[in-house]
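All remarks here apply to the structure that follows.
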Amino acid sequence: MAADCCAACMRITILQTDISWGQRESNAREAERLMAEAPGSQLYVLPEMWSTGFATDPTGMAEGDGWSLAWMRRMAERTEAAICGSVAVQTCEGGREEYRNRLYFVKPDGSVAFYDKRHLFGYGGEQLHYTAGQTRTVVEYGGIRWLLLVCYDLRFPVWSRYRGDYDGIIYVANWPVPRIAVWDTLLRARALENQAVVVGANRVGQDPSCDYCGHSAVIDAKGRLLAEERTGAVTAVSAEVDAADIVSFRSKFRVLDDRD
């Protein structure tokens, strides 16, 4: 597989899409088009609820059939790359139906890890419909350990805090225009305070509630921008990440030894 060619080095591509409301097939085709324009990546990252748009009320939108996950598996196998993105899912836990904002990480061999969004956006009423996750998820792929987080989680540094368990953080989001300065600032803050690579995948366009302008970015452990897109375009944003650089920086500048 492509990711095994260089265990410490990875090409990452964010798919900054304009999500068509509730149109799974159309959104999948758009993602495929962007992936074809950025071949050779080992990891493709989609925005939050990439197949439907961010549905605060998931009635009629959340998946129980696994369609989006099946597509992610097919594309991971086809591209020999991992695919990461969140989906609104309907689950049955203990005989009780629940909705989850679930971030999937799918590897080329078809194996799947997932993280359920911990911090639900109370200002928008997300907590009225979804069940919050309780468990952090770290996925190892291509020699890099990734902490999986979703949108509003970005505002909570304790939940994002490095515990000796990851090299980078993936945040997928539908982060709107009025608060985009917060997105830009906190992505860099999470990279600096954790000495970790941060990947922030946001959407563009409009949904029934908000406007979005992207600002997807890859930031290294020193807070430097490796790649970003700020024009509001539908596009692929790519960068090279080297895990050896993270390890070297942490070992030389050992600020995390003094953390609370």
Query raised in the report: Taking Gly133 and the conditions (1) over 16 Å from Asn174 (Cβ atoms); (2) open to solvent by 10 Å² or more (accessible area, probe 1.4 Å), which numbered condition does it fall short on, given that it satisfies the others?
Result: (2)
Query raised in the report: Condition test on Asp242, is it modelled with pLDDT under 95, open to solvent by 10 Å² or more (accessible area, probe 1.4 Å) and among the acidic types (Asp, Glu)?
Result: yes
Query - Candidate set from the range 115-128 (those that are in contact (Cβ under 8 Å) with a residue 24 or more places away in the chain and surrounded by 14 or more Cβ atoms within 10 Å (Cβ to Cβ)); member that is nearest to Ala76 (Cα to Cα) - result: Tyr115
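Taking the stated definitions as given, is Val204 under 20 Å from Gly53 (Cα atoms), modelled with pLDDT of 95 or more and surrounded by fewer than 23 Cβ atoms within 10 Å (Cβ to Cβ)?
Considered against the rule, which asks whether it is under 20 Å from Gly53 (Cα atoms), modelled with pLDDT of 95 or more and surrounded by fewer than 23 Cβ atoms within 10 Å (Cβ to Cβ), Val204 comes out as yes.
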Report task. Give Phe253, Phe249 a once-over and let me know the one that is closer than 14 Å to Leu192 by Cα, more than 18 Å from the chain's Cα centre (by Cα), open to solvent by less than 60 Å² (accessible area, probe 1.4 Å) and not aliphatic (A, V, I, L, M). Result -> Phe249
Report summary line: Gly143 passes all but one of the listed conditions (1) closer than 24 Å to Ala221 by Cα; (2) open to solvent by 50 Å² or more (accessible area, probe 1.4 Å); (3) at pLDDT below 95; the exception is number (2)
Query raised in the report: Which of the residues that make up the range 177-195 are open to solvent by less than 10 Å² (accessible area, probe 1.4 Å) and not aliphatic (A, V, I, L, M)?
Result: Trp183, Asn194, Gln195
Report summary line: Ala233 passes all but one of the listed conditions (1) more than 20 Å from Cys9 (Cα to Cα); (2) of a type in the set (A, V, I, L, M); (3) in a helix (DSSP H, G or I); (4) modelled with pLDDT of 95 or more; the exception is number (3)
Requested in this report: Would you kindly identify the strands (runs of 3 or more DSSP E) lying entirely within the range 89-178 that contain at least 2 residues that are over 25 Å from Met10 (Cα atoms) and either in contact with a His (Cβ under 8 Å, 6 or more places away or on another chain) or not small (Gly, Ala, Ser) (or both)?
Outcome: 96-106
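Per-residue answers, yes or no, for (1) open to solvent by less than 10 Å² (accessible area, probe 1.4 Å); (2) touching a residue at least 40 places away in the same chain (Cβ under 8 Å):
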site	(1), (2)
Ile12	yes, yes
Arg24	no, yes
Arg33	no, no
Ala36	no, no
Gln42	no, yes
Leu46	yes, yes
Trp50	yes, yes
Thr56	no, yes
Query raised in the report: Could we say that Arg259 is surrounded by fewer than 19 Cβ atoms within 10 Å (Cβ to Cβ), in contact with a helix residue (DSSP H, G or I) (Cβ under 9 Å, 6 or more places away or on another chain), of a type outside the set (Gly, Ala, Ser) and at pLDDT below 95 here?
Result: yes
Query raised in the report: Of the residues that make up the range 219-239, is at least one under 15 Å from the mean Cα position of the chain (by Cα) and within 15 Å of Leu149 (Cβ to Cβ)?
Result: yes
Report task. Please indicate, with yes or no, whether at least one residue in the range 61-77 is part of a loop (DSSP other than H, G, I, E, B) and within 19 Å of Asn202 (Cβ to Cβ). Result -> no
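The values are calculated or read from the model by the stated rules, or taken from the named source; none is laboratory data. Because the structure is a prediction, the values reported are computed rather than measured. Reconstructed Cβ throughout: ideal geometry from the backbone, glycine too, with neighbour counts over all protein chains shown. Quick note on the areas: whole protein, heavy atoms, side chains included, nothing else; ligands and nucleic acids left out. Shrake-Rupley method; radii C 1.70, N 1.55, O 1.52, S 1.80 Å.
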